[in-house]
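Here is the structure we will look at.
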Amino acid sequence: MEKKIVSVYGYGRFGKLWADILSEDHHVKVFSRRGLTPADVTPGQQIVDEKELYNCDALFYCVAISSFEDLLIRSKPLFNPDTVYFDTCSVKVFPVKWMLKNLPAKSQIIGTHPMFGPDSYPGTNGPLPMVMCDIRTEGKTFAGWVEYFSGKKMNIQLMTPDQHDKTVAYSQGITHYLGRVLADLNLKTTPISTLGYKKLLEIIEQTCNDSYQLFLDLQKYNPYTEKMRKDLHNSIEKIYSIFLDK
């Protein structure tokens, strides 16, 4: 892929990681509503204002799911119809719906969910999963970006938004839910911790290192997580009831 001007909207923990990955091959512009200084960003990345951010070949939104729809509505005067727009949300059905509703009718749209973050990506040698959804593109555009990310430490999985949300409800969604439950128990390491118990503590560390807002958004904006929670609690009650009869 030829070098492009790529913008990243949002420069939190994941936004910074994503900008760093893209900076390896492209000229990257970054913007955060909280404001950025040169000390905040990786050398070579260009800090721009919101208007200038939209002057690019491709734009990746790295923002909270709960703020994404309002951001799109507010940004309508700034949209460039020639830009390829990507979201990076951990759910897909609602963000894709919002993009189709608010982005220019002729703009190309790709849904993505990189299934990793700043804690897992840096130390990984093998490919990490990344979901990509061809929402509205010229075929060559989508194929080009799939090829590009496949050349990174990523194993690209092509899915529809609905397939994605149904799958992650019982993988990422349940992991974050259990991580918060375990954290609420205030579990601690012990001198005689088993390997299995240490794995439970790792789940707490991994999930609770992300923001509480992400946890809420994963549960609220995935249409399949409500059923996951009910299934989980039914299973807990089923196992618990075994001991009530003894």
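The values are calculated or read from the model by the stated rules, or taken from the named source; none is laboratory data. Being a predicted model, the structure only gives us computed values, none of them experimental. Note: ideal-geometry Cβ built from the backbone for every residue, glycine included; neighbour counts use all protein chains shown. Just the protein is used for accessible areas: all its heavy atoms, side chains included, with ligands, DNA and RNA removed. Shrake-Rupley method; radii C 1.70, N 1.55, O 1.52, S 1.80 Å.
Of all the helices (runs of 4 or more DSSP H) wholly in the stretch 1-83, which have at least 1 residues that are modelled with pLDDT under 95?
13-23
Keeping to the stretch 94-104, report how many residues are open to solvent by 20 Å² or more (accessible area, probe 1.4 Å) and farther than 28 Å from CYS208 by Cβ.
Going through the stretch 94-104 one residue at a time, the tally reaches 4.
Mind checking which strands (runs of 3 or more DSSP E) fall wholly inside the stretch 105-192 and carry at least 2 residues that are at pLDDT 95 or above and open to solvent by 20 Å² or more (accessible area, probe 1.4 Å)?
Per the criteria, 128-136, 154-158.
Conditions tested, residue by residue: (1) open to solvent by 30 Å² or more (accessible area, probe 1.4 Å); (2) within 21 Å of PRO114 (Cβ to Cβ).
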residue: THR42; (1), (2): yes, yes
residue: TYR61; (1), (2): no, yes
residue: ALA64; (1), (2): yes, yes
residue: SER67; (1), (2): yes, yes
residue: LYS76; (1), (2): yes, no
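Considering (1) open to solvent by 60 Å² or more (accessible area, probe 1.4 Å); (2) at pLDDT 95 or above, say which one GLN219 fails and leave the rest.
GLN219 satisfies all of (1) open to solvent by 60 Å² or more (accessible area, probe 1.4 Å); (2) at pLDDT 95 or above except (1).
Would you be able to say whether some residue in the stretch 196-215 is open to solvent by less than 100 Å² (accessible area, probe 1.4 Å), under 30 Å from LYS97 (Cα atoms), in a loop (DSSP other than H, G, I, E, B) and among the charged types (D, E, K, R)?
yes
Residues to consider are VAL6, VAL91, VAL30; find the one that is surrounded by 22 or more Cβ atoms within 10 Å (Cβ to Cβ), β-branched (Val, Ile, Thr) and under 17 Å from SER211 (Cβ atoms).
VAL91
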